[in-house]
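J.: To start, I am sharing the structure in question, which I have written as structure tokens.
The values are calculated or read from the model by the stated rules, or taken from the named source; none is laboratory data. Because the structure is a prediction, the values reported are computed rather than measured. Don't worry about glycine lacking a Cβ; one is built from the backbone with ideal geometry, like all the others, and counts go over all protein chains shown.
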Amino acid sequence: MIKLRLLASSIYSRKITVLLSIASICISVSLVIGIEKLRTSAKKSFTNTISATDVIVGARSGNIQLLLYTVFGIGNATNNITWTTYKDISKRPEVEWAIPLSLGDSHKGFRVLGTTKEFFEHYRYRQKKPLAFKYGKPFAKTLDTVIGSDVASTLGYNLGDAIVVSHGIGKIETNLHDDQPFTVVGILQKTGTPVDKTVHVSLQSIEAIHKNWKGGRRLKAQDALGEVQTETKFVPREITGALVGLKSRIQIFQFQRYINNYRHEALSAILPGVALQELWSLISTAETALIAISTIVVMTSFLGMITMILATLNERRREMAILRAIGASPAAIAGLMIAEASLIILAGIISGFTLIYAGLVVFRSTIDQISGIYIDIGFPTDTELFAVIGIFIIGCLCSLIPAWRAYLISVTNGFHSQTG
Amino acid sequence: MTDQNAQYTTRCEPVVAIENLQFKWQSTSLFSLNIPNFRIYRGESILLLGPSGCGKSTLLNMICGLVTPQLGSIHILGENIKSMFPHQRDRFRADHIGVIFQMFNLISFSTAIDNVILPLSFSPRRRERVLGTDIEEAKRLLTSLGVDDNLFRTQTSKLSVGQQQRVAAARALIGEPEIIVADEPTSALDSSRRDEFLSLLFNQASRANTTIIMVSHDETNQHCFDRVLKMEELLEKENQS
């Protein structure tokens, strides 16, 4: 008990430097835990981009490429699927629902997705969370559009605004469908997925605005808008891909095999979860970099702590001499040093945990709003606990350096020499 | 040697027995301390006088087992301290020796009470000798050494030098060690406080028949001690014997 009190009063007597060490460890621990939370949440958010979709169908291509252009709107399709094929697939007995996707146009850098109303009904993200409307409703007329939250916030759009779609996906908009502007009828809630950066229109409207186009060029002026908007007979000839939900998950592999061996057209069917994992593993270098940075930060804070303890050792020679004189062994003095460092590390870890969890409680919704990364605040994960235990052990090992120094000083010093 | 000292030599077993002791620091080639024969007896109070650098503190270090001589033997309470392992020497010191320094005697950030009871945490044997609780014993010693009870919980860095020396004496006395080693404990005190301090220390030490070994370069306290030896005299005299 007296040793604990000695330890506590020793630490208290150097409270400023000790507090700085604790603050340094606290920041590095919160950084490590924060990065780990962010990493796992980003991974989760990434892999949760699409949920409850069993299979994605597209023209024959690689898993990642198909995933990138259908879900993330990155890159281009190698080929399209005919509407007949889509209809054929969607009528399969094991298919519960199918959503056609038609890509190829853009609006001020944002992708335009031609789809059906079922997209808003069946598309799920983050553990089967459905899309929700912040304002408005799904498109009803041909030239209605529903925009993602990032499109609305970036371009400052509100319900009723008119937007013009550009042919192609180039950054410079040269071939505008300016004769047929769309009207914003819905703005979606933020999802943290590529949906936020997408302009959703009906498949019919995609066909309608391309009615008199060939080879990326308009042939002649379009008819009056009113005529187009009342047109209901625009049937798509081709689409880019389709999201498919099956009645039973047991049928997934059978259905995938069927699509991959489809006789009339070269198709690919991918499982979104598997493809997302493959894609994440490709970008895991960033993950490694984050871990490396947090490791360096932790080591830096330990160096700070060692420096602090070493710097005070000379001032503490008298304290060590007194302890030696009253019977403390050098090992006991070294033990006090290790105990002191352990307490500092423990305080740093506890305050680091408190800081990051308090920060997450306060800023979680803001982070979600800004980045779309939804961070779970639960009991620390195994990885976090391992990281913290690792930090504690490494910190204690680091404290052996000043402890060894204290041991040597107390062995050689004997009494604090005052006389001959 | 006085008649009283002669009585000690005949009646008692020595608590410190040094034979042909030779010691040199690693950095030097010559032996800086050479004591052929020296004994201190139970209950005796002895003052070793000598100027700075004559080896007084080195001798105390050896009696406490903090440094060991290269040659010769040094027995404390019949135990050959030189042949002990370092951890055994530390334990032996904790159990049998109380120490008072010249100044900066105390853990400055701890209270007076905590400083006094600290040695007990390194020596269960001394704790066993304490009647009542550690804190009660510490309070008793502090009171008997003239420390006000309102200072018991005060950080020792806030005490005067005289008060600090009394706390140090209480720390050395707690658990009734057989030997008290004091390294110029009165040098920072004025003459009236010096006498008062020694008187209180001797009173408490006599209760447990504790041996007091004190080194100093100040000869004014000679009258308080059973035996007074000058270091050079000790070496010469012991060389002759």
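J.: Filter the range B:83-95 down to residues that are within 8 Å of another protein chain (Cβ to nearest Cβ) and closer than 14 Å to B:ARG125 by Cα and give me whichever is surrounded by the most Cβ atoms within 10 Å (Cβ to Cβ).
T.: So, considering only residues that are within 8 Å of another protein chain (Cβ to nearest Cβ) and closer than 14 Å to B:ARG125 by Cα, the one surrounded by the most Cβ atoms within 10 Å (Cβ to Cβ) is B:ARG93.
J.: Name the residue, out of B:THR211, B:THR220, B:THR186, that is away from every other protein chain (no Cβ under 14 Å), crowded, with 22+ Cβ neighbours inside 10 Å and among the polar types (S, T, N, Q).
T.: B:THR211 is the lone residue from the list that is away from every other protein chain (no Cβ under 14 Å), crowded, with 22+ Cβ neighbours inside 10 Å and among the polar types (S, T, N, Q).
J.: Another question about this same structure. Tell me the helices (runs of 4 or more DSSP H) entirely within the range A:240-335 that contain at least 2 residues that are more than 14 Å from chain B (Cβ to nearest Cβ).
T.: The qualifying helices (runs of 4 or more DSSP H) are A:252-260, A:272-282, A:284-313.
J.: Still on this structure, please answer the following. Which of the residues that make up the range B:122-154 are closer than 20 Å to B:PRO185 by Cα, surrounded by 19 or more Cβ atoms within 10 Å (Cβ to Cβ) and free of Cβ contacts under 8 Å to residues at least 60 places away in the same chain?
T.: Across the range B:122-154, the qualifying residues are B:ALA138, B:LEU142, B:LEU145, B:VAL147.
J.: Looking at the range B:143-157, can you tell me whether even one residue there is touching a strand residue (DSSP E or B) at 6+ places or on another chain (Cβ under 6 Å), of a type in the set (Lys, Arg) and within 13 Å of chain A (Cβ to nearest Cβ)?
T.: Among the residues of the range B:143-157, at least one is touching a strand residue (DSSP E or B) at 6+ places or on another chain (Cβ under 6 Å), of a type in the set (Lys, Arg) and within 13 Å of chain A (Cβ to nearest Cβ), which makes the answer yes.
J.: Another question, if that's okay. Given the residues A:GLY352, A:GLY304, A:GLY359, A:GLY348, which is the only one that is under 30 Å from A:ALA152 (Cα atoms) and either assigned by TED's automatic domain parsing to the domain that holds A:LYS134 or of a type in the set (Gly, Ala, Ser) (or both)?
T.: Residue meeting the stated conditions: A:GLY359.
J.: So, one more: Please count how many residues of the range A:162-175 are at pLDDT below 70 and aliphatic (A, V, I, L, M).
T.: Residues flagged as at pLDDT below 70 and aliphatic (A, V, I, L, M) within the range A:162-175 amount to 2.
J.: Right, here's the next one. State whether the residues of the range B:192-210 include one that is assigned to a strand (DSSP E or B), modelled with pLDDT under 90 and closer than 22 Å to B:PRO51 by Cα.
T.: no
J.: Which of the numbered conditions does A:GLY352 fail, given that it passes all the others? Conditions: (1) within 20 Å of B:LEU106 (Cβ to Cβ); (2) buried (at least 22 other Cβ atoms within 10 Å of the Cβ).
T.: (1)
J.: Moving to a separate point now. Any idea which of (1) of a type outside the set (D, E, K, R); (2) at negative phi; (3) buried (at least 24 other Cβ atoms within 10 Å of the Cβ) is the one B:GLY175 doesn't satisfy?
T.: B:GLY175 satisfies all of (1) of a type outside the set (D, E, K, R); (2) at negative phi; (3) buried (at least 24 other Cβ atoms within 10 Å of the Cβ) except (2).
J.: Let me ask something else. Which number in (1) farther than 30 Å from A:GLY327 by Cβ; (2) within 14 Å of another protein chain (Cβ to nearest Cβ) marks the one condition that A:ARG39 misses?
T.: That leaves (2) as the condition not met.
Each row is one residue, and each column tells you yes or no for (1) closer than 27 Å to A:ASP144 by Cβ; (2) in the same structural domain as A:ILE350 (by TED's automatic domain parsing); (3) in contact with a strand residue (DSSP E or B) (Cβ under 7 Å, 6 or more places away or on another chain).
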{"residue": "A:GLU36", "(1), (2), (3)": "no, yes, no"}
{"residue": "A:SER41", "(1), (2), (3)": "no, yes, no"}
{"residue": "A:LEU66", "(1), (2), (3)": "no, no, yes"}
{"residue": "A:ASN79", "(1), (2), (3)": "no, no, yes"}
{"residue": "A:TYR86", "(1), (2), (3)": "yes, no, yes"}
{"residue": "A:GLU96", "(1), (2), (3)": "yes, no, yes"}
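J.: Let me ask something else. Does A:ALA132 meet the test of being modelled with pLDDT of 90 or more and crowded, with 18+ Cβ neighbours inside 10 Å?
T.: no
J.: If we keep just the residues of the range B:96-136 that are more than 13 Å from every other protein chain (Cβ to nearest Cβ) and of a type in the set (D, E, K, R), which is farthest from A:LYS3 (Cα to Cα)?
T.: Only one residue fits best here, namely B:ARG129.
J.: Quick test for you: out of A:THR85, A:THR154, pick the one residue that is modelled with pLDDT of 90 or more and outside any strand (DSSP E or B).
T.: Just one listed residue meets the conditions, A:THR85.
J.: For residues that are small (Gly, Ala, Ser), more than 25 Å from A:THR295 (Cα to Cα) and not in a loop (DSSP other than H, G, I, E, B), scanning just the range A:15-63, find the one that is modelled with the lowest pLDDT.
T.: Ranking the candidates gives A:SER51 first.
J.: Can you list residue pairs whose Cβ atoms sit under 9 Å apart, with the first residue in the range A:122-150 being outside the structural domain of A:VAL195 (by TED's automatic domain parsing) and part of a strand (DSSP E or B) and the second being at pLDDT below 90 and surrounded by fewer than 17 Cβ atoms within 10 Å (Cβ to Cβ)? Count only pairs 6 or more apart in sequence or on different chains.
T.: Close Cβ pairs satisfying both conditions: none exist.
J.: Could you tell me which of the residues B:GLY55, B:GLY78, B:GLY72, B:GLY65 is away from every other protein chain (no Cβ under 13 Å), surrounded by 18 or more Cβ atoms within 10 Å (Cβ to Cβ) and not hydrophobic (A, V, I, L, M, F, W, C)?
T.: Matching residue, one of B:GLY55, B:GLY78, B:GLY72, B:GLY65: B:GLY72.
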